[in-house]
Amino acid sequence: MAKRDFYDVLGVQKGADEAALKSAYRKLAMQHHPDRNPGNTEAEAKFKEISEAYDTLKDGQKRAAYDRFGHAAFENGGGGRGGAGFGPEFSSSMSDIFEDIFGDFMGGGGGQQRRGGGGGSARMRGSDLRYNLEISLEESFLGRTVEVDVPTLVGCTTCDGSGAKPGTGKHSCRQCNGHGKVRAAQGFFTIERTCPVCQGRGEMMDEPCTDCGGQGRRQENRKLSVDVPKGIEDGTRIRLANEGEAGLRGGPPGDLYIFISLRPHDLFQREGADLYARVPIAMTTAALGGEFEVPTLDGARAKVKVAPGTQPGQRVRLKGKGMPVLRTKDTGDLYVQLDIETPQHLSRRQRELLEEFQNLTTEKTNPTSDGFFDKLKKMFEV
Ligand SMILES: [Zn+2]
Ligand SMILES: [Zn+2]
């Protein structure tokens with residue numbers, strides 16, 4: 001099958017810039033993501049195609065190769081991504097989309113002010129922080145605001161982040177005469193290095209702030225509330241722009257990344273928006289049919305109907321009783337898998353009844369096993 005042109009796939013012009021690529025990708029990926037189109041193989045293929053196109057075009061090197069050689073650039077192990085390894089990328093893609101959007105929505109802006117100051121000034125951007133937040137399946141179901149306690153560096157209020165003792169001044173670094181760099185001759189070469197005394201700042205404080213030792217920031221535990229949206233999945237990152245460590249000597253702060261992990265649940269396993277539960281039922285219920293209730297995550301109960309003649313492993317689907325789908329009004333389903341329990345420790349009377357039952361079985365009672373043993377018999381006869 002001929003592969004479609006990557007620019008056509010994303011519906012952008014050949015010269016499209018990064019922002020245009022990203023926005024085209026985001027729109028299409030949200031539309032065709034398998035989580036939103038369960039069981040739709042066409043959407044899955046489409047999503048794969050979109051992801052591949054975007055993965056190639058967002059990478060300057062790959063894009064240049066693609067522009068020159070087309071798809072041939074990535075064939076025969078030419079550095080492209082093959083069909084393999086698609087699985088893990090799947091899940092990360094959704095979180096990336098999510099993170100992008102969430103970042104924007106949080107008022108972001110952190111991206112533009114990275115590396116504030118630069119050379120000479122020695123104002124340094126604070127580090128990004130990672131906070132691992134474990135939540136229950138119920139919390140993901142309901143969505144909630146979680147208070148987190150983040151040990152971090154915050155701007156020093158005494159010196160307003162400057163690092164200098166209030167009321168004192170600064171003087172030019174005597175080592176480098178305020179240049180921030182020193183030169184040293186080494187053979188024929190003159191080598192320029194960052195000044196070791198002022199670390200490139202070019203100036204020195206007359207007296208460092210006593211509260212922060214001249215760093216302009218202090219260790220502190222910060223309480224933050226994080227909005228965990230309904231339906232959030234295991235492994236999702238939430239970026240809180242500018243909530244990371246304070247910058248050094250008044251530099252811009254870093255970002256805080258909340259890594260969400262979901263605690264395993266006693267009853268439910270989650271797969272995307274769907275939930276799975278295994279429920280043991282008595283052999284007699286499986287044969288005669290019946291009804292029981294399971295608790296659901298909204299705190300209510302749901303009725304599960306067992307059809308007469310239910311086989312082991314058979315599933316009952318409870319529509320709309322799964323997890324909410326992130327940022328939509330959709331909900332997944334709950335699948336109850338029926339495990340049939342064979343009765344044990346039979347009383348004499350029970351045994352009699354089962355033996356009587358066995359004598360009454362006909363071809364129709366156990367069609368599958370009877371058919372199977374017939375097959376075996378034929379094999380032994382050969
Ligand atoms: Zn201070
Ligand atoms: Zn210096």
| note | Here region 331-341 yields Karplus 3J(HN,Hα) values (6.51, -1.76, 1.60; θ = phi - 60°; whole Hz; Gly and Pro given as x) of 9, x, 10, 10, 10, 9, 8, 9, 9, 9, 9
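If each residue of separation counts as 0.36 nm, what is the full-extension length gain between Asp330 and Ala184 once their alpha-carbon separation is subtracted? Don't skip to the answer; put the middle values down first.
Numbers: separation 146, 0.36 × 146 = 52.56 nm, distance 6.69 nm.
Additional length available on full extension: 45.9 nm.
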| Would you list Thr194, Thr365, Thr152 from fewest to most Cβ contacts within 10 Å? | Thr365, Thr194, Thr152
| task | Note the angle between two axes, namely the Cα long axis of helix 86-105 and the longest principal axis of the Cα atoms of the chain, as a number of degrees from 0 to 90, rounded to the nearest 10. | result | 50
| task | Count the lysine pairs in region 207-349 whose Cα atoms sit under 20 Å apart, keeping only pairs 8 or more residues apart in sequence or on different chains. | result | 9
| query | What list of ³J(HN,Hα) couplings, whole Hz, do you get for region 273-278 from phi and the Karplus terms 6.51, -1.76, 1.60, once you set θ to phi - 60° and write x for glycine and proline? | reply | 8, 8, 10, 10, 9, 9
| To the nearest 500 deg cm²/dmol, what mean residue ellipticity at 222 nm is calculated for the chain from DSSP H runs of n ≥ 4 alone, each contributing -39,500 (n - 2.57), summed and divided by the residues? | -8500 deg cm²/dmol
| Helix 348-360 sits at what angle to the longest principal axis of the chain, using alpha carbons and giving 0 to 90 degrees rounded to 10? | 70
| request: Express the relative contact order of region 121-222 as a whole percentage, based on alpha carbon pairs under 8 Å and six or more residues apart in sequence. | output: 37
| query | Using a Gaussian network for the chain with springs between C-alpha atoms less than 10 Å apart, which of these wobbles most: Glu207, Glu243, Glu356? | reply | Glu356
| note | Taking Cα atoms, the helix 60-69 axis meets the longest principal axis of the chain at an angle in degrees (rounded to 10) of 70
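Going by C-beta contacts inside 10 Å, put Leu224, Leu360, Leu288, Leu318 in order with the fewest on the left. Working shown, then result.
Values: Leu224 15, Leu360 8, Leu288 12, Leu318 18.
Final ranking by Cβ density, sparse to dense: Leu360, Leu288, Leu224, Leu318.
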| said: On a straight-distance basis, which lysines could pair with Lys3 in a cross-link, Cα separation under 23 angstrom, same-chain partners fewer than 8 positions away excluded? | reply: Lys14, Lys22, Lys27, Lys46, Lys48, Lys58, Lys62
| For the chain, what mean projected area does the convex hull of the alpha carbons give, in nm²? | 35.2
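Quick one: net charge around Asp160, please, counting Lys, Arg +1 and Asp, Glu -1 for every other residue with C-beta under 12 Å from its C-beta.
Details: positive: Lys165, Arg217, Arg249; negative: Asp211.
Residues near Asp160 contribute +2 overall.
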| field | Under 20 Å from Lys375, Cα to Cα: aspartates and glutamates that are on another chain or at least 8 residues apart | value | Glu363
| remark: Under a Gaussian network model of the chain whose springs join Cα atoms within less than 10 Å, the largest fluctuation of Gly180, Gly235, Gly161 belongs to Gly180
| note | A chain fully extended from Lys48 to Val148 at 0.36 nm per residue, minus the present Cα-Cα distance, gains in nm 32.4 nm
| task | For the chain, set up a Gaussian network in which alpha carbons nearer than 10 Å are linked by springs, and say which option among Ala282, Ala164, Ala241 fluctuates the most. | result | Ala282
| request: Per residue of region 9-26, in order, report the coupling 6.51 cos²θ - 1.76 cosθ + 1.60 (Karplus, θ = phi - 60°) as ³J(HN,Hα) in whole Hz, putting x for Gly and Pro. | output: 4, 8, x, 10, 6, 4, x, 3, 7, 4, 5, 5, 4, 5, 6, 5, 4, 4
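Around Ile281, what is the net charge, scoring Lys/Arg as +1 and Asp/Glu as -1 over all other residues with Cβ under 9 Å from its Cβ?
Values: positive: none; negative: Asp339, Glu341.
Net local charge, Ile281 excluded: -2.
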| remark: Quick note on Met283, Met323, Met204, ordering by fewest other C-beta atoms within 10 Å, gives Met283, Met204, Met323
| field | Net charge dipole size for the chain [Lys, Arg +1 and Asp, Glu -1 on Cβ; Debye, nearest 20] | value | 1060
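How much length is gained if the chain between Glu352 and Glu192 is pulled fully straight, taking 0.36 nm per residue apart and subtracting their Cα-Cα distance, in nm to one decimal?
On the way: separation 160, 0.36 × 160 = 57.60 nm, distance 9.79 nm.
Here the segment from Glu352 to Glu192 would lengthen by 47.8 nm.
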| task | Distance between Cα centroids, region 305-378 to region 213-274: provide it in whole Å. | result | 45
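Each value in this text was obtained by applying a stated rule to the coordinates, not by laboratory testing. Bear in mind the structure is a predicted one, so any value in this text is a computation, not a measurement. Counting neighbours? That spans all protein chains shown, and the Cβs are built from the backbone with ideal geometry, glycine included.
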